[in-house]
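Working notes for the structure below.
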Amino acid sequence: MSLSRIAKQIGLIGLMMFGVTGSALADQPREWQLGFQEAVTPVMTMVTDFHNLLLWIIIGITIFVFALLGIIFVRFNARANPVASTFTHNTMLEVIWTLVPIIILVVITIPSMRLLYLQDVIPEADFTVKATGYQWYWGYQYPDHGGIEYLANMVPTDELQEGQPRLLATDNPVVVPVGATVRLVVTAADVIHNWAMPAFGIKIDAVPGRINESWFRADVEGTYYGQCSELCGQRHAFMPIQVEVVSQEEFQAWILTQGGEMPQVSDAQTETIDVAAATQD
């Protein structure tokens, strides 16, 4: 192994030890990457923060245990203590080793419950995207935009364009506007799949005959990649997920090119507005 590669590995380990996770770019995994991809949603930001908190707690516990073992090896070996002590209890010590783990668990539980609540409770969404898993591709629908519906297959290696990553690029990506709260409903048509997007903090099963739901709000424009994360058959490794996060203007233009329409005021609301205007007249 070359010195440069050794230095690179040491640097990456150092970044991980100091809580720096992910890479400078969040769109896909990087060579020699340690930790998560860069977070671009509130959920993934909290996942990363919780991970870093646990990392420091684990480091502290590990250092304490190794130090305690070292003290025991040095001070309480047979050479240093030819006659063993006969006491069996120490009230203060037993209180400490009971209370300290409880405090650690409380420190872990509070952010954990907050994260679970953030993931589980879906806020008021701007629109809904439905993802359906098939063997071995994804189908998408935009019910709030005129019922746009299409399939997304992996781009074969021999058809990749410049900048498209192998095994991750799709021919028809999911397109959403930056800053929009998107309700994601997931199901499957044949076997269990899993819609996973690391940079969004989403990993949700797609189960035949059942609807699961999650949400995301991407705060950074870009192209993000995920994959089916459930062993779904022979071509499981070849059904990636690609999400394009674009500006509101680009999203509106894309909706129109797909033959859809932006959500408009309903007929009932229009009638109410007309009646109110006529009353004022």
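The values are calculated or read from the model by the stated rules, or taken from the named source; none is laboratory data. Everything quoted here is computed from the prediction, not taken from an experiment. Cβ placement follows ideal geometry from the backbone for every residue including glycine, while neighbour counts extend to all protein chains displayed.
Among the residues of segment 99-122, is any of a type in the set (D, E, K, R), over 30 Å from residue 142 (Cβ atoms) and touching a residue at least 24 places away in the same chain (Cβ under 8 Å)? Checked against the condition, which is being of a type in the set (D, E, K, R), over 30 Å from residue 142 (Cβ atoms) and touching a residue at least 24 places away in the same chain (Cβ under 8 Å), segment 99-122 yields at least one hit.
Within segment 226-251, the set of residues being crowded, with 16+ Cβ neighbours inside 10 Å and either over 25 Å from the mean Cα position of the chain (by Cα) or of a type in the set (S, T, N, Q) (or both) comprises 227, 229, 242. Residue-level check: of (1) modelled with pLDDT under 90; (2) touching a Pro at 6+ places or on another chain (Cβ under 8 Å), residue 6 misses just (2). Out of curiosity, is residue 98 of a type in the set (S, T, N, Q), touching a Ser or Thr at 6+ places or on another chain (Cβ under 7 Å) and in a helix (DSSP H, G or I)? Considered against the rule, which asks whether it is of a type in the set (S, T, N, Q), touching a Ser or Thr at 6+ places or on another chain (Cβ under 7 Å) and in a helix (DSSP H, G or I), residue 98 comes out as no. Candidates 94, 149: the one that is acidic (Asp, Glu) and under 30 Å from residue 182 (Cβ atoms) is 149.
Remark: pairs (first residue in segment 169-195, of a type in the set (Lys, Arg); second residue outside any strand (DSSP E or B); Cβ separation under 7 Å; 6+ apart in sequence or on different chains) = 183/122; 183/125. Of all residues in segment 226-249, those satisfying the criterion of being closer than 16 Å to residue 126 by Cα and touching a residue at least 60 places away in the same chain (Cβ under 8 Å) are 245, 246, 247, 248. Based on this model, can you work out whether residue 18 counts as farther than 17 Å from residue 218 by Cβ, in the same structural domain as residue 105 (by TED's automatic domain parsing) and either modelled with pLDDT under 80 or among the small types (Gly, Ala, Ser) (or both)? The answer is yes for residue 18. For segment 199-213, which positions are in a strand (DSSP E or B), crowded, with 17+ Cβ neighbours inside 10 Å and free of Cβ contacts under 8 Å to residues at least 40 places away in the same chain? Of everything in segment 199-213, those that are in a strand (DSSP E or B), crowded, with 17+ Cβ neighbours inside 10 Å and free of Cβ contacts under 8 Å to residues at least 40 places away in the same chain turn out to be 204, 205.
Look at (1) more than 15 Å from the chain's Cα centre (by Cα); (2) of a type outside the set (Lys, Arg); (3) surrounded by 15 or more Cβ atoms within 10 Å (Cβ to Cβ) and you find that residue 189 fails only one, number (3).
Let's see how each residue does on (1) more than 20 Å from the chain's Cα centre (by Cα); (2) modelled with pLDDT of 95 or more:
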{"residue": "129", "(1), (2)": "no, yes"}
{"residue": "134", "(1), (2)": "yes, yes"}
{"residue": "141", "(1), (2)": "yes, yes"}
{"residue": "159", "(1), (2)": "yes, no"}
{"residue": "163", "(1), (2)": "yes, no"}
{"residue": "167", "(1), (2)": "no, no"}
{"residue": "175", "(1), (2)": "no, yes"}
